[in-house]
Amino acid sequence: MKINDELTLKVEKINSEGKGICRHNNFVVFVENACPEDLLKVKITHLTKSFAEGDIVEIIKPSSHRIKPMCPLQKVCGSCQIQFIDYDYQIELKKQIVEDTKKKFLPDYPLEINMPIKSPEIKGFRHKVQVPVRETKVSKRLLAGYFKPKSHEIINIKYCPIQTETSDKIIDFIRNEAKNYQIKGYDEDKHFGELKHIVIRSSTLNQYLVTLVINSKVFGEKYKRFAKALMEKFDVIKGVCININPFKTNIILTEKTICLEGSEYIEEMILDKKFKIGTNTFFQVNPKSAENIFRYVRDYIKSNYQNPTLLDAYAGVGAFGIVMSDVARKVVSIEENKSSVELGKRILKENNIKNMEMHCEDAEKFFKKEKRQFTVTILDPPRKGCTEKSLENALKLTTDKIIYVSCNPATLFRDLKYLINKGAKVESVQPFDMFVHSYHIENVAIIDVKDVNFSKSY
């Protein structure tokens, strides 16, 4: 096998990055935009000692699960990697991804992975939109969309089926009208220009918060005028903000957000609880699928315990704790982001929740010094998962169950391996399709920790 060789290959399955897995003389070839059962002509583009990568030249015989994607830009936009696969089969593939990850970390552990719970919506489900903005060199018109895979070339998207139609219209208005307010687009190469990103938060209550991310420490009156124009054009916009980001970085949002017009928050309902969402607030991008997760965890706790004490770690605004407060005697919430904790305390007051306390602290530090014990601990860490020290201390604080919520199967099963090695037992892993049309999958693991032995080492 050599670079530029063209091979006829059958796709066996997809890997955890959504790439098709093929074999040529037992040598693995990864192919993007491939569906299991596809028969393909593939051109080899990259070759190592252990694997190759290739691009599709021709679909000789398509899989029975291959469909026409609802977005004509699916192949050139990096957001919906598997939108060309029918939704029922997407769910099967995501189960397979979780199973394969389990086999890698826990090959002999007896655990059945449940079928993923589908998203209630497969169009317009995304309620957090972040699009980069650039300016063309000649015409000076603004481009706003998503980056091509493995590049910083913007696809100027005017219609995105996974976000709301209103979000499309707001982006298009900014794209066409910003120049009338002397607002220029950002030049990434020269680190010059103003408008870097458009960030839109929306809720199922049809409320919108628009944030303009700018390459400047100061902003003029033109942004305030533009903010008023946005709110006059769209009555669903409850507030317009500026985020100050003059840094040459891949980080989209800094902590410095200033409200220009209206409110700095929108409202969202999850089950029977009202939440506030700001520009920098962590909140699930698919609120209806998130609601399925909250209901699943709440129902489990309600069915198995009477008046338990709960520890909610990596809590954000305390969403899990707030939703669980009705079925718990006491909830203690831990989050290191100060603005999230402040907002969480406001949400507690608005929901009249009096059996919950919120702490602004790093979870690992809190675990180490906390003396109280809790019936159930909910862990909802970022993609990198938990440290071994955090897991050890969480075990010491928990008398019965840990409920681990994860958006990354690899770090989930790595951490489950550590817990199992300490004597914990994994009761179940329930996937949820939070990120429709992508290879990402959310999981909720329920872990029995009553028989933990702290003398064991990893």
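Each 10 Å bin from 0 upward holds the following percent of the Cα-Cα pairs of region 270-309: 24, 44, 27, 5.
Taking K and R as +1 and D and E as -1, what net charge do the other residues with C-beta under 11 Å from the C-beta of GLU37 add up to? Mind showing how you got there, number by number?
Values: positive: LYS10, LYS13, LYS61, ARG66; negative: GLU12, ASP38.
Taking every Cβ under 11 Å from that of GLU37, the sum is +2.
Note on the chain: antiparallel DSSP beta bridges, both residues inside, total approximately 65 percent of the bridges counted. Taking only the alpha carbons of region 29-96, we obtain Rg and Dmax values of 12.7, 38 Å in that order. Counting only Cβ charges, +1 for Lys and Arg and -1 for Asp and Glu, the dipole size of the chain around its Cα centre is about 800 debye. Taken over the chain, the percentage of Cα pairs per 20 Å bin, counting from 0 up to the bin with the maximum distance, is 22, 51, 26, 1. Working ranking of peptides 160-170, 299-309 by packing, defined as the average number of other Cβ atoms within 10 Å per residue, highest first, is 160-170, 299-309.
Given +1 on the Cβ of Lys and Arg, -1 on the Cβ of Asp and Glu, and no further charges, what dipole in debye does region 6-66 carry about its Cα centre, rounded to the nearest 20?
160 debye
Distance between the C-alpha centres of region 368-435 and region 294-346: 15 Å, rounded to the whole angstrom. Of all beta bridges that DSSP places with both ends in region 6-66, some 85 percent have antiparallel geometry.
Backbone geometry of region 369-380 corresponds, through the Karplus equation with coefficients 6.51, -1.76 and 1.60 at θ = phi - 60°, to 3J(HN,Hα) couplings of 9, 5, 9, 5, 10, 10, 5, 9, 10, 9, 10, 9 Hz, x marking Gly and Pro.
Here ASN421 and GLN182 are evaluated by their C-beta separation; at R0 = 41 Å the FRET efficiency comes out at 0.10. Computed over the Cα atoms of region 306-444, pair by distinct pair, the Kirkwood hydrodynamic radius stands at 15.4 angstrom. The antiparallel fraction among DSSP beta bridges confined to region 128-270 stands at about 70%.
Can you pull the semi-axes for region 238-384, root of five times each eigenvalue of the Cα gyration tensor, sorted largest first, whole Å? Walk me through the numbers on the way to the answer.
On the way: eigenvalues 155, 66, 38 Å².
So the equivalent ellipsoid measures 28, 18, 14 Å along its semi-axes.
Local charge for THR166 was computed over the other residues whose Cβ lies under 13 Å away, with Lys and Arg +1 and Asp and Glu -1, and equals +1. Could you give the distance between the Cα centres of region 163-217 and region 23-60, to the whole Å? If you average the Cα positions of each part, the centres end up 38 Å apart.
Which order do peptides 438-444, 209-215, 249-255 fall in by mean Cβ count within 10 Å, highest first?
On the way: 438-444: 21.6, 209-215: 24.1, 249-255: 11.1.
Output ranking for 438-444, 209-215, 249-255: 209-215, 438-444, 249-255.
Values in this text are rule-based calculations from the coordinates and carry no lab data. Predicted, not measured: the structure shown is a model, and the values here were computed from it. We place every Cβ from the backbone using ideal geometry, glycine too, and count neighbours over all the protein chains shown.
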